[in-house]
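J.: Sharing a structure below in structure tokens format, with a few things to ask.
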Amino acid sequence: AEDGIRDKLVTGVQTCALPISIRILRERDRSVGPSSETEKTVLIVGAGSAGIRLYDEIVRRPGGRTRVAGFIDDDPQKGRQWIGGVPVRGRFDDLEKTMQKFQIEEVILSSPSITGSREEDIRALCARRNCPVRRLQMDIR
């Protein structure tokens, strides 16, 4: 009797886990790796809560054509961590190298703390590489 219950429990767990595993694999495949001609590869600058929410929106968008290559963040505690399925690829000083290595087609500034000379430096670097820069805007109404 115990074997029958155990078998049903294992089957139930496997049945529930399979769709979750498939979704995780699909999200992972959509977020890293080489992009197709119709996908745009982006890099998110800022791996805080706004960056993570942005990443979640991108990967959950049905029919999305955006692939997130990773994050850039100067917080030493986030260095080389994986957040939401993609890695923090380095610090701001690593931006150009990361853009080149992963063929970044767009940079998205997610952190409201990226301002002034830091933002100007990022925009100048991206302009030299003909890479658009967008800023995440949050509006509370």
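The values are calculated or read from the model by the stated rules, or taken from the named source; none is laboratory data. Just so we're clear, the structure is a prediction, and the values are computed from it rather than from any experiment. In this analysis, Cβ positions are derived from the backbone assuming ideal geometry, glycine residues included, and neighbour counts consider all displayed protein chains. Accessible surface areas use protein heavy atoms only, side chains included; no ligands, DNA or RNA. Shrake-Rupley method; radii C 1.70, N 1.55, O 1.52, S 1.80 Å.
J.: Inspect all residues belonging to region 11-26 and state whether any of them is modelled with pLDDT under 55, more than 11 Å from the chain's Cα centre (by Cα), open to solvent by less than 100 Å² (accessible area, probe 1.4 Å) and under 21 Å from C126 (Cα atoms).
T.: Within region 11-26, none of the residues are modelled with pLDDT under 55, more than 11 Å from the chain's Cα centre (by Cα), open to solvent by less than 100 Å² (accessible area, probe 1.4 Å) and under 21 Å from C126 (Cα atoms).
J.: Also: Can you tell me which condition R30 does not meet? The list is (1) among the charged types (D, E, K, R); (2) part of a loop (DSSP other than H, G, I, E, B); (3) crowded, with 18+ Cβ neighbours inside 10 Å; (4) modelled with pLDDT under 90, and all the others hold.
T.: Condition not satisfied by R30: (2).
J.: Hey, among the residues in region 113-125 that are farther than 17 Å from D73 by Cβ and either at pLDDT 95 or above or among the hydroxyl-bearing types (S, T, Y) (or both), which one's nearest to the chain's Cα centre (by Cα)?
T.: R123
J.: Keeping to region 84-121, report how many residues are outside any loop (DSSP other than H, G, I, E, B), open to solvent by less than 60 Å² (accessible area, probe 1.4 Å) and not acidic (D, E).
T.: Number satisfying all stated conditions: 13.
J.: Go through (1) of a type in the set (A, V, I, L, M); (2) open to solvent by 40 Å² or more (accessible area, probe 1.4 Å); (3) closer than 20 Å to E57 by Cβ and name the single condition I72 misses.
T.: Here I72 meets the rest and fails (2).
J.: Answer yes or no: is there a residue in region 71-80 that is among the basic types (K, R) and over 14 Å from the mean Cα position of the chain (by Cα).
T.: No - not one qualifying residue is present in region 71-80.
J.: Any residue in region 80-93 that's within 14 Å of V59 (Cβ to Cβ): show its pairings with residues that are open to solvent by less than 40 Å² (accessible area, probe 1.4 Å) and aromatic (F, W, Y) at Cβ separation under 8 Å, as long as the two are six or more apart or on different chains.
T.: I83/Y55; I83/F71; G84/Y55; G85/Y55; V86/Y55; V86/F71
J.: So for region 122-138 (the condition being in contact (Cβ under 8 Å) with a residue 40 or more places away in the chain and either over 20 Å from R53 (Cα atoms) or outside any loop (DSSP other than H, G, I, E, B) (or both)), does at least one residue qualify?
T.: For region 122-138, residues in contact (Cβ under 8 Å) with a residue 40 or more places away in the chain and either over 20 Å from R53 (Cα atoms) or outside any loop (DSSP other than H, G, I, E, B) (or both): present.
J.: Condition first: over 13 Å from L95 (Cβ atoms) and under 21 Å from the mean Cα position of the chain (by Cα). Now tell me which residues in region 131-141 satisfy that.
T.: Those that are over 13 Å from L95 (Cβ atoms) and under 21 Å from the mean Cα position of the chain (by Cα): P132, R134, R135, L136, Q137, M138.
J.: Write out, first by first residue and then by second, each pair whose Cβ atoms fall under 6 Å of each other, whose residues are 6+ apart or on separate chains, and whose first residue, in region 42-64, is in contact (Cβ under 8 Å) with a residue 24 or more places away in the chain and assigned to a strand (DSSP E or B) while the second is surrounded by fewer than 23 Cβ atoms within 10 Å (Cβ to Cβ) and hydroxyl-bearing (S, T, Y).
T.: Within 6 Å, the pairs are V42/T66.
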